[in-house]
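Engineer: The structure follows.
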Amino acid sequence: MQVPVITLDGPSGSGKGTISQRLAEQLGWHYLDSGALYRLLACAAARDGIALDDVDGLVALAGRIHGEFGFSAAGEERVLLDGVPVTTELRTEQLGNAASRIAALPAVRAALLAWQRRYRQLPGLVADGRDMGTVVFPDADLKIFLTANPAERAIRRYNQLKNIGKEVTLESVVGEVKARDERDRSRAASPLVPAVDAHLLDNSSLDVEETVALVLAHASSIF
Ligand code: C5P
């Protein structure tokens, strides 16, 4: 039996992480935050002094790091890199940018493919990222391309960073999010584009509950 998959792709600040987690919770399915794998690899590269353009070094590193993703009893995210907590560092815009730089390298993307596909387990998977519906799970049962207008996305990202205690200005976040999205959209390897069979969903004026309800309405016609 093929394990069912729902993919949510979209630019940063589109809310795909929050929406995907809620969907996975409500459906009782597994959840893959694929961006976290790119961030973890970038984090390990900084730890080991591997340059962000050292393709061979990054590919070898991807094969030997161990990541653990989970939540504390209080519901706070907890990520371990080779047993060491890296949660706060992982969510900085600095690591988001480093992740975006290594994510443009085809060999790095290939090195992370099998790891991502291992998350596809019964009873089902909700996967979020940039190429979930186009490359990693092209046969997904339901594909959503989630977006929101750039000002709204920058405000959401700013609030996320403030919530984890980062001292940032809205102006700097606007610039960083814009640069990262442009790089993600324009790269040759698995660019950020909707799959041809994706449902486009602009949630600029929707809250989390409303967005989750819309995705669940699509899902209920399939599962
Ligand atoms: O989603 P998140 O902001 O954590 O992703 C960080 C970076 O990782 C993105 O800007 C993108 O360059 C890269 N990424 C990717 N493909 C994915 C997920 C993330 O290229 N499936």
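Engineer: Considering each of Glu25, Glu68, Glu89, Glu76 in turn, give the residue that is in contact (Cβ under 8 Å) with a residue 40 or more places away in the chain and not hydroxyl-bearing (Ser, Thr, Tyr). Talk me through it step by step, then tell me what you get.
Structural biologist: Working: Glu25 fails: in contact (Cβ under 8 Å) with a residue 40 or more places away in the chain; Glu68 fails: in contact (Cβ under 8 Å) with a residue 40 or more places away in the chain; Glu76 fails: in contact (Cβ under 8 Å) with a residue 40 or more places away in the chain.
Of the residues listed, the single one that is in contact (Cβ under 8 Å) with a residue 40 or more places away in the chain and not hydroxyl-bearing (Ser, Thr, Tyr) is Glu89.
Engineer: In addition: Of the residues Gly70, Gly10, which is under 20 Å from Asp128 (Cβ atoms), open to solvent by 20 Å² or more (accessible area, probe 1.4 Å) and under 19 Å from the mean Cα position of the chain (by Cα)?
Structural biologist: Details: Gly10 fails: open to solvent by 20 Å² or more (accessible area, probe 1.4 Å).
One residue alone meets the criteria, Gly70.
Engineer: Which residue pairs have Cβ atoms closer than 7 Å, lie 6 or more positions apart in sequence or on different chains, and pair a first residue in segment 124-136 that is assigned to a loop (DSSP other than H, G, I, E, B) and open to solvent by 10 Å² or more (accessible area, probe 1.4 Å) with a second residue that is of a type in the set (A, V, I, L, M, F, W, C) and more than 7 Å from the ligand (Cβ to nearest atom)?
Structural biologist: That search, which allows pairs on different chains as well, returns Arg130/Leu192.
Engineer: Next question. What is the residue count in segment 22-35 for residues that are in contact with a Phe, Trp or Tyr (Cβ under 6 Å, 6 or more places away or on another chain) and part of a helix (DSSP H, G or I)?
Structural biologist: Filtering segment 22-35 down to residues in contact with a Phe, Trp or Tyr (Cβ under 6 Å, 6 or more places away or on another chain) leaves 24, 30, 32.
From the residues that got through so far, the ones that are part of a helix (DSSP H, G or I) too are 24.
Residues in segment 22-35 being in contact with a Phe, Trp or Tyr (Cβ under 6 Å, 6 or more places away or on another chain) and part of a helix (DSSP H, G or I): 1 in total.
Engineer: Let me ask something else about it. From the list Arg91, Arg117, Arg64, which one is surrounded by fewer than 16 Cβ atoms within 10 Å (Cβ to Cβ) and within 16 Å of the ligand (Cβ to nearest atom)? Can you show your working first?
Structural biologist: Values: Arg91 fails: surrounded by fewer than 16 Cβ atoms within 10 Å (Cβ to Cβ); Arg64 fails: within 16 Å of the ligand (Cβ to nearest atom).
Arg117 is the lone residue from the list that is surrounded by fewer than 16 Cβ atoms within 10 Å (Cβ to Cβ) and within 16 Å of the ligand (Cβ to nearest atom).
Engineer: In segment 125-135, which residues are within 18 Å of Gln2 (Cβ to Cβ) and either near the ligand (Cβ under 7 Å from one of its atoms) or out of contact with any helix residue (DSSP H, G or I) (no Cβ under 9 Å at 6 or more places or on another chain) (or both)?
Structural biologist: Met132, Gly133
Engineer: Looking for something within 16 Å of the ligand (Cβ to nearest atom), of a type outside the set (S, T, N, Q), closer than 30 Å to Leu206 by Cβ and within 13 Å of the chain's Cα centre (by Cα) - is there at least one such residue anywhere in segment 79-87? Walk me through it before giving the result.
Structural biologist: Let us first name the residues in segment 79-87 that are within 16 Å of the ligand (Cβ to nearest atom), namely 79, 81, 86-87.
Still in the list and also of a type outside the set (S, T, N, Q): 79, 81, 86.
Now restrict to residues that are closer than 30 Å to Leu206 by Cβ: 79.
The next check asks that each one be within 13 Å of the chain's Cα centre (by Cα); those that pass are none.
Scanning segment 79-87, I find no residue that is within 16 Å of the ligand (Cβ to nearest atom), of a type outside the set (S, T, N, Q), closer than 30 Å to Leu206 by Cβ and within 13 Å of the chain's Cα centre (by Cα), so the answer is no.
Engineer: Still on this structure: Just to be sure I understand the filter: pairs with C-beta atoms under 7 Å, separated by 6 or more residues or on different chains, first member in segment 43-57 and free of Cβ contacts under 8 Å to residues at least 12 places away in the same chain, second member open to solvent by 50 Å² or more (accessible area, probe 1.4 Å). Which pairs pass?
Structural biologist: No pair meets every condition.
Engineer: Could you tell me which residue of segment 180-209 is surrounded by the most Cβ atoms within 10 Å (Cβ to Cβ), considering only residues that are away from the ligand (no atom under 16 Å from the Cβ) and either farther than 14 Å from Thr147 by Cα or small (Gly, Ala, Ser) (or both)?
Structural biologist: Filtering segment 180-209 for residues that are away from the ligand (no atom under 16 Å from the Cβ) and either farther than 14 Å from Thr147 by Cα or small (Gly, Ala, Ser) (or both), the one surrounded by the most Cβ atoms within 10 Å (Cβ to Cβ) comes out as Ser204.
Engineer: For the subset of segment 109-123 comprising residues that are outside any helix (DSSP H, G or I) and not hydroxyl-bearing (Ser, Thr, Tyr), which member is farthest from Arg22 (Cα to Cα)? Walk me through it before giving the result.
Structural biologist: Initially, segment 109-123 is screened for residues outside any helix (DSSP H, G or I), giving 118-123.
Narrowing further to those that are not hydroxyl-bearing (Ser, Thr, Tyr): 118, 120-123.
Values: Arg118: 21, Arg120: 17, Gln121: 18, Leu122: 18, Pro123: 16 Å.
In this case the residue turns out to be Arg118.
Engineer: Failed condition for Asp54, given (1) more than 16 Å from the ligand (Cβ to nearest atom); (2) in contact with a Phe, Trp or Tyr (Cβ under 9 Å, 6 or more places away or on another chain); (3) farther than 25 Å from Asn203 by Cα, with all others met?
Structural biologist: It fails just one condition, (2).
Engineer: If you don't mind, there's one more thing I want to ask. So the check is Cβ under 7 Å with 6+ separation or different chains; which pairs have a first residue in segment 144-172 that's open to solvent by 70 Å² or more (accessible area, probe 1.4 Å) and a second one that's charged (D, E, K, R)?
Structural biologist: Between residues of segment 144-172 that are open to solvent by 70 Å² or more (accessible area, probe 1.4 Å) and residues that are charged (D, E, K, R), the close pairs are Pro150/Lys178.
The values are calculated or read from the model by the stated rules, or taken from the named source; none is laboratory data. From a predicted model like this one, the values you see are computed outputs, not experimental measurements. A quick note on method: Cβ atoms are made from the backbone with ideal geometry, for glycine too, and the neighbour counts reach across all protein chains shown. Note: areas computed on protein heavy atoms with side chains; ligands, DNA, RNA excluded. Shrake-Rupley method; radii C 1.70, N 1.55, O 1.52, S 1.80 Å.
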